[in-house]
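**Q** This is the structure I have questions about; it appears just below.
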Amino acid sequence: MTADADTDLADTDLVTRLTGLVDALRGHGLRIGTGETVDAARAVEALGLADRELLREGLAATLLHGAGGRPVFDAVFDLYFPRGVGVPDGVGGEADREALRARLAEALAANDSAALARLAVEAVDGFGGYGDSPGSDGWSSYRTLDRLRPQTLLARVRDEVRGRDGAGSFADRLLEDEIRRRIEEFRRLVTAEARRRAAERRGRDEIARRALAPTADRVDFLLAGKDRLAELRRTVQPLARKLATRLAARRRRAARGAIDLRRTLRGSLSTGGVPVKPVLRRRRPARPELVLLCDVSGSVAGFSDFTMLLVQALHDQFSKVRVFAFVNRVDEVTGLLVHGAADPEGLNARIRAEARLTAWHDSSDYGAALGEFTDRYADAVGPRTTVFVLGDARTNMADPNLPALQDLTRRARRVHWLNPEPRTLWGTGDSAAPAYAELVDMRECRNARQLDALVGRLLPV
């Protein structure tokens, strides 16, 4: 850690800084208790502040319970334990773009981490400022990277490494992957430096709350990009194992049954009327059936994909699981989910290619889909069946076909509707959510954390 950073930490209450770090991590959904916080304080005392990366690893080891929260932790750590403060000596003024790119290419080729960190500071100082006041009003990593364009240095760095290590030292593809990793690390350093400077102006707590991307399980399904959805799909199996354990415990409790009052009172006659040994009604609950009816159109598709994969991973918990997808026509896709488990990122493409989901247009039509489902697949729903409808209930101004949903509720044991839109948007525009919500139990389900809680609570035992 630099002398500037040591001076800053000496002038700042370290306890306040550490508790601020913990509060920011909790604000992003990471579960950190008092015990972990105490362990983190002991880690700071034992490791000291001289080696910043050693301190980073020590705090991560004491505060995190898994690898999923590490990206958020690293970004928050950079705010509360920055590499330095202010503008380092020797940095300032308008940078020469091409000269800086040339030095960046050299540092990338040599994999010089220290040089990359210095260049990130110079890049933000030279290209990232905006505003008219002295010293600039703000700092932007996007502006910096847009002007510097480090991704365009790939070929240049590759050729330099080849010349340094000799042609054919290792495969071109592996070499290019390694260079991309180094470029991504430089981009991360630029982002961290811009955030550090913004935090000095606006306050660490404000930047930690507003400027950091949330963990994948807190990102809205409707706003998640491809990278975040891919990250979510990788969490399906661990989440399914946790839910399966929860369902098995609920099933064991349900199997014990309630107290049989008549038999308990009869048995208490031998103990003077004191019910020493309560008698339970033994239950042998049959495993329920589950049906998913999923809108796979537009931005709702990511939400439906993730939920379908999760239910497929839980299929052993039910006597039968059937999955149906629709846009404006309905088709059964249960068999496609087996392949989807092996290739989760290609699930939606496989469904759209192999199932017949559209008729005369590509827009969702809940009324037509519900009507076709109740006509063609009436045998899929019975008194032991719980139905989950997944979708935003936006009908594109078509007839919502409420009688079809009423018929579905009469046939099924229960019907739940999971809506990925915020509740405040229900009923706006072409949303028929309020009308559907009068007939079935409709729940807001915007992210994987909400889905985990809802599925664990609503799945039948």
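The values are calculated or read from the model by the stated rules, or taken from the named source; none is laboratory data. Just so it is clear, the structure is predicted and the values come from calculations on it, not from any experiment. Here the Cβ positions follow ideal geometry from the backbone for every residue, glycine too, while neighbour counts run over all protein chains shown. Heavy atoms of the whole protein, side chains included, go into the accessibility calculation; ligands, DNA and RNA do not. Shrake-Rupley method; radii C 1.70, N 1.55, O 1.52, S 1.80 Å.
**Q** Using a Förster distance of 51 angstrom, determine the FRET efficiency expected from the C-beta separation of residue 185 and residue 363, and round it to 0.05.
**A** My answer for the efficiency is 0.75.
**Q** Another question, if that's okay. Using only Cα atoms, find the angle between the long axis of helix 14-27 and the longest principal axis of the chain, and express it within 0 to 90 degrees, rounded to the nearest 10.
**A** 40 degrees
**Q** Take every DSSP beta bridge whose two residues both sit in the chain, then give the antiparallel share in percent to the nearest 5.
**A** Looking only at bridges with both residues in the chain, the antiparallel portion is about 25 percent.
**Q** Carbon and sulfur together cover what percent of the accessible area of the chain at a 1.4 Å probe radius?
**A** 50 percent
**Q** What FRET efficiency comes out for residue 397 versus residue 259 if R0 is 41 angstrom and r is the Cβ-Cβ distance? Round to the nearest 0.05.
**A** Efficiency computed from Cβ-Cβ geometry: 0.15.
**Q** While we're here: Per residue, how many Å² of accessible area does the chain show with a 1.4 Å probe?
**A** Using a 1.4 Å probe on heavy atoms only, each residue of the chain averages 50 Å².
**Q** At what distance in nm do the modelled label points of residue 51 and residue 23 sit from each other, each positioned 7 Å from its Cα along Cα→Cβ?
**A** 3.1 nm
**Q** By how many degrees, between 0 and 90 and to the nearest 10, does the Cα long axis of helix 366-376 differ from the longest principal axis of the chain?
**A** 40 degrees
**Q** Normalising by the residue count of the chain, find the relative contact order in percent from Cα pairs under 8 Å and 6+ residues apart.
**A** Normalised by residue count, the contact order of the chain is 11 percent.
**Q** Which of these values of log10 I(q)/I(0) by the Debye sum over Cα atoms at q = 0.09, 0.10, 0.14 Å⁻¹ was calculated from the structure shown: (1) -0.81, -0.93, -1.23; (2) -0.53, -0.67, -1.45; (3) -0.69, -0.86, -1.57?
**A** Computed from these coordinates, log10 I(q)/I(0) by the Debye sum over Cα atoms at q = 0.09, 0.10, 0.14 Å⁻¹ corresponds to label (1).
**Q** Can you spot the lysines whose alpha carbon is less than 23 Å from residue 242's alpha carbon? Ignore those fewer than 8 places along the same chain.
**A** 320
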